[in-house]
1. Looking only at the range A:32-50, how many residues end up being among the aliphatic types (A, V, I, L, M) and at pLDDT below 85?
2. Inside the range B:42-59, can you point out the residues that are without any contact (Cβ under 8 Å) to a residue 24 or more places away in the chain and more than 7 Å from every other protein chain (Cβ to nearest Cβ)?
3. Give the range B:168-183 a look and list any residue that's of a type in the set (A, V, I, L, M, F, W, C) and surrounded by fewer than 22 Cβ atoms within 10 Å (Cβ to Cβ), or say none.
4. Scan the range A:67-79 and tell me whether some residue there is closer than 18 Å to B:Arg169 by Cα and either touching a His at 6+ places or on another chain (Cβ under 6 Å) or buried (at least 17 other Cβ atoms within 10 Å of the Cβ) (or both).
5. Would you mind listing the helices (runs of 4 or more DSSP H) fully within the range B:1-85 where at least 3 residues are modelled with pLDDT of 95 or more and not basic (Lys, Arg)?
6. List the pairs whose first member sits in the range A:22-38 and is closer than 15 Å to A:Ala55 by Cα, whose second member is modelled with pLDDT under 85 and not polar (S, T, N, Q), and whose Cβ atoms are under 6 Å apart, counting only residues at least 6 apart or on separate chains?
7. Would you please list the contacts, defined by Cβ atoms under 7 Å and residues six or more apart or on different chains, that run from a residue in the range B:8-37 that is facing chain A (nearest Cβ under 8 Å) to a residue that is small (Gly, Ala, Ser)?
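The values are calculated or read from the model by the stated rules, or taken from the named source; none is laboratory data. A quick note: this is a predicted structure, and the numbers were derived from the prediction, not measured. Neighbour counts are summed over all protein chains in view; Cβ atoms, including those assigned to glycine, are modelled from backbone coordinates with ideal geometry.
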Amino acid sequence: MNPHERADPHREWAQEVGAVQCEDIAEDLAAAAEGETLLGRSQRRHVERCLRCQAEVVQYRRLLRAMRSLRTEVLEPTPGLLADILANLEGAGERHAVRSLLSGRRVAYLGGLAAATAAGAAGAIVFASRTRRTRLAG
Amino acid sequence: MPHDVAELVAAAKHGDREAFDELVRVTYAETYTLAYRLTGNEEDARDVVQEAYLRAFRGLRRFRGDAQFSTWMYRITANCAATQLGKRARHRHDELDDRAPVADPRLDHDPQLRADADDLRSRLHAALDALPPRLRAVVVLRDVYELSHESIAAELGISESAAKVRLHRARHKLRDQLFPRRDGEASRAV
């Protein structure tokens, strides 16, 4: 090595922590902080020796804790909301009942129509066969 | 009249309207909270909650009970909110831009003075409000309500990988807002 050539501390450090760069694992840090993803060996090795990535993991953990804490926080609904929801449901229930009634009547009507048609057809067949028999007898 | 949510659900599934009304009374504040977090305003939140309970009422027979009722309501609410935001976005395209700028956190925040949890929470509220709705929906559903990536993708009508990308971008923005970097310390691009 040329004695006049200055050593680059960042380059040496980067070589020391391996091929993984901070940017390579940026997307995995939050998931790792959440416990959803396990970092690979080389990634873990990088984080163990990289203060910047360690700080990010800590920040993501604090962020996630704060987010989870919002779950227990319930906002005060605007006045009248419950009444509006129940009225809406009532309206929907009534519409449903009317539809059911109408479809029930429709079924009964169609059923009656079908029965009447069948009865008429049967009557016509009986009448036709009797007429034929009368003609043959005559 | 049963008071346990599971019992109310069972009774409502058998056509007991009063049981469903009671379910609404027990859960509507929480549903409204989620709707407000997703839409960011009272008016939309009210519409979303009403639509969510209508859908729940119509689809209750399809609720198999393998998830909690609250989780099922979260999914319906998320779906209704996505529809509502879609309607709104058709009128105001600017809200759909994921890269909408957020306020520079370095201007107002001093981490030394704002270290306690309550303060972190209030800053978190502000940071969430500043997020574009599409990013906010994903990070709220995942990190507050712990829905799976699959459920989030299904209810928001996006792919699972898109949901993960949005989640990463949202978390990154929130982290940058809550833990502002010192001058000269560049944020990583996402």
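1. 1
2. Those that are without any contact (Cβ under 8 Å) to a residue 24 or more places away in the chain and more than 7 Å from every other protein chain (Cβ to nearest Cβ): B:Glu43, B:Ala45, B:Ala56, B:Arg58, B:Gly59.
3. The answer is B:Leu178, B:Phe179.
4. yes
5. B:17-39, B:42-59
6. From the range A:22-38, the pairs are A:Ala26/B:Arg188.
7. B:Arg17/A:Gly93; B:Phe20/B:Ala12; B:Glu30/B:Ser70; B:Tyr32/B:Ala45; B:Tyr36/B:Ala45
Quick grid of which residues meet (1) within 13 Å of chain A (Cβ to nearest Cβ); (2) modelled with pLDDT of 95 or more; (3) over 23 Å from A:Leu75 (Cα atoms):
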| residue | (1), (2), (3) |
| --- | --- |
| B:Pro105 | yes, no, yes |
| B:Pro111 | yes, no, yes |
| B:Ala126 | yes, no, no |
| B:Asp129 | yes, no, no |
| B:Val138 | yes, yes, no |
| B:Glu146 | yes, no, no |
| B:Ser159 | no, yes, yes |
| B:Asp176 | yes, no, yes |
| B:Glu185 | yes, no, yes |
